[in-house]
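Readers should treat all values here as calculations from the given coordinates under stated rules, not as data from a laboratory. Nothing here was measured: the structure is a model prediction, and the numbers come from that model. Positions of Cβ are backbone-derived with ideal geometry, glycine not excepted, and every protein chain shown enters the neighbour counts.
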């Protein structure tokens, strides 16, 4: 009896051994960087496994050979035949198919863009080079649903014009806020455009994961890493501006034309366990705006050291020096379109310095722990009594756990930031702000359905003197506010490369120090403080479909979405009169709502054997006050219920073709009329002539750019024409965009 049971046990053990006697092993790395890839899937459709933190995999099977597919987010999948007993090394290449793109902005960890629960657009680095874009804000103007006004990002009509203070779009560089903390704006010159890996634009409320200033969306700029092969790239550009459409405004007539040139150098290399990235950028810009100029240079470096596959340390440093002269408003609407209002020319010598240390650690269970921080110092020496110095420091701990069995991801973290600012704008006194936040998000799959739930708790404390610029501050200068907000989303896979999504998220934004306390004069204008300015809150909802398209030679996608946003106590800069002075003031304008829809197309095709790349999109918005009363109507130039400084229709597209070593491209942008601006511009028409100009000119515009070039292995030369129709474009009152201009660009890599 016992012998019979013993034999059965031995037989079962032998059967198990025989059924799993074949072992398949290997390692998977990134083809460009040579780094191990974690979580790569190796499967034959029946059984499968994933790589560990070393990029290694081990699979046991009852057959001596396997035909498997190796796949990873953002990479091209490969089919391989595995033989038992061999140890394999596989290298994966990044996918050029936009629907395979890996994005991190939506969840704070890498996920396929097609599985996002919110609208996300991606800009690849080749567009920056192909279109000769010296600053990242010019590239963002090609993103559907996003408009740039004087360097301010506006997503789906969520903002009017803030005159350089207070943004509802949070701009991140490598996942950390790059906004100047006291003013809530970004200096785009801080971004190393010569070393961009990817730009991700998330549209809609994003405060749950990213906090205040993400009320309207996120722009996350990811910088490049060192590859397995050393790379050095040198780029140079020279641009010259032509004659304005209105000959009366041709102030440089008979003199040398305004110009701009820049030179950049980038080097990336691996030295054992150390990755080195360094770049430099120099630019000199004699602007089309009279007496305005910008000279700047930027130095950046990023060092990453791998102590082990589990532990990586990194530090990045950016130094930016700028000497500039600029003005806010034109002199008049005729001969002075490119001139400036008397007394409004401002010269600034600015210095900005970033230090970004971080640590990433994978524990024995595969959980990811990351600590990253930024120390940001700004010093602006200004000739018009607007010098300021500010220091921003932030630190964030982030935890991510992926459970493959439950198909769930948990992301959580805590973040702390603080700013100290001492500025002549704020009465030459010290003002401080402190912020603490904690967030948690769960992403769970149920078959083809992905659900997302998240929440954030945040506290903001502002400290100032009891009296600033002669104005008494409520609560003797101390203000504390705590918010708890939530988000939810779903993404359902209808078919391969066909996903339906829905999301709703709350958002909020604390007023910046500048909005509350700024007091200065620009010519005859006054910028007023508003110490009673309240925080604005809101929510955004969206329903969208992302559909992959493979028709003939076309390989791309279509994204269709409908959105609805509402804001409470929306804060905007508006014209105001106080104590006989005329100027701007940040004010709570009431509750608002914005509804609309968006269509985005992207992809690659082939026409007569010529590869063609297309990016295009159309956005329609209906921005309204929830209470369009007589007081609100009286402050607007429109009798219709429409928010000021918005355009209802926005269409844009970029097409590029390549034939052998030749490339050619064209881009187009259209914006409809800006129906409403501040009525006070008309009442003071003799002052800046905005009303006169609008009565004679429509604010809608068509903008055409084109380019042609040749590209060899390590050498590229291209010619670029911008605003080819020489359209006179006014994206906001009292400022005209540059006229037709041409540029020559040279790229050399080795």
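Summary of computed values
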read-out: Mean Cβ neighbour count within 10 Å, used as a protection proxy, ranking 479-486, 249-256 highest first; value: 479-486, 249-256
read-out: Relative contact order, percent, segment 116-228 [alpha-carbon distance under 8 Å, six or more residues apart]; value: 29
read-out: Ellipticity estimate at 222 nm from DSSP helix runs (n ≥ 4, -39,500 (n - 2.57)) divided over the chain, nearest 500; value: -2000 deg cm²/dmol
read-out: Distance in nm between pseudo-label sites at residue 342 and residue 319 (7 Å out along the Cβ direction from Cα); value: 4.3
read-out: For 291, 627, order by how many other beta-carbon atoms lie within 10 Å, fewest first; value: 627, 291
read-out: Residue order, fewest to most beta carbons within 10 Å, for 266, 451; value: 451, 266
read-out: Mean Cβ count within 10 Å, highest first, over the residues of peptides 308-315, 66-73; value: 66-73, 308-315
read-out: Length-normalised contact order of segment 99-749 in % [C-alpha pairs under 8 Å, at least 6 apart]; value: 12
read-out: Fewest-first sequence of 306, 248, 509, 156 by Cβ atoms within 10 Å of each Cβ; value: 248, 306, 509, 156
read-out: Alpha-carbon centroid distance for the pair segment 347-385 / segment 188-240, whole angstrom; value: 14
read-out: Once the Cα gyration tensor of the chain is diagonalised, semi-axes √(5λ) in Å; value: 48, 30, 25
read-out: In degrees, nearest ten, helix 2-19 long axis to first principal axis of the chain (Cα); value: 50
read-out: Among 646-656, 136-146, 222-232, the order from most to least packed when residues are scored by Cβ within 10 Å on average; value: 136-146, 646-656, 222-232
read-out: Contact order normalised by residue count of segment 338-386, Cα under 8 Å, 6+ apart, percent; value: 44
